[in-house]
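Just so you know, all these numbers are worked out from the coordinates, no wet-lab data involved. What you see is a predicted model, and the numbers here were worked out from it, not measured in a lab. Positions of Cβ are generated from backbone atoms using ideal geometry, with glycine treated the same way; all protein chains shown enter the neighbour counts.
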């Protein structure tokens, strides 16, 4: 991006906070790794170091960009019920659903039950989680 921008041009990006406040995924991987430590090899929070704000900012600063600024963007992720939360993990698309569907029914049920223990459910059965992204902005040196 630096090569195609004029001096003073802005570069911006964002990444999901898989290691922390991408709660819908964090709950899944925390439960999966608790039951099977080998599952950590598929956890994006571990596999992708740039999902940490410090690493993302260091990347931009290390590329010679100036005025590097980062901020969190929190997106509410409400679910009507636990089933509403759990259903996407049964689709097989993406690392977490692919992992879930690679398991036998008993193991998948154990993960689901563990998440159900960890997740905060409102009196009406709904679930309110947060999906955080780390946004970063910088400029090309003049």
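Quick notes on this structure:
- The chain: radius of gyration over Cα atoms, expressed as a fraction of 2.2 N^0.38 Å: 1.27
- For peptides 57-64, 130-137, sequence by mean Cβ density within 10 Å, most packed first: 130-137, 57-64
- Rounded to the nearest 10 degrees, the inclination of helix 53-62 to the longest alpha-carbon principal axis of the chain is 30 degrees.
- The angle separating the long axis of helix 105-118 from the principal Cα axis of greatest extent in the chain is about 70 degrees.
- 0 to 90° range, to nearest 10: angle between helix 23-35 axis and the chain longest Cα axis: 60
- The stretch 2-139 - percent relative contact order, Cα under 8 Å, separation 6 or more: 43
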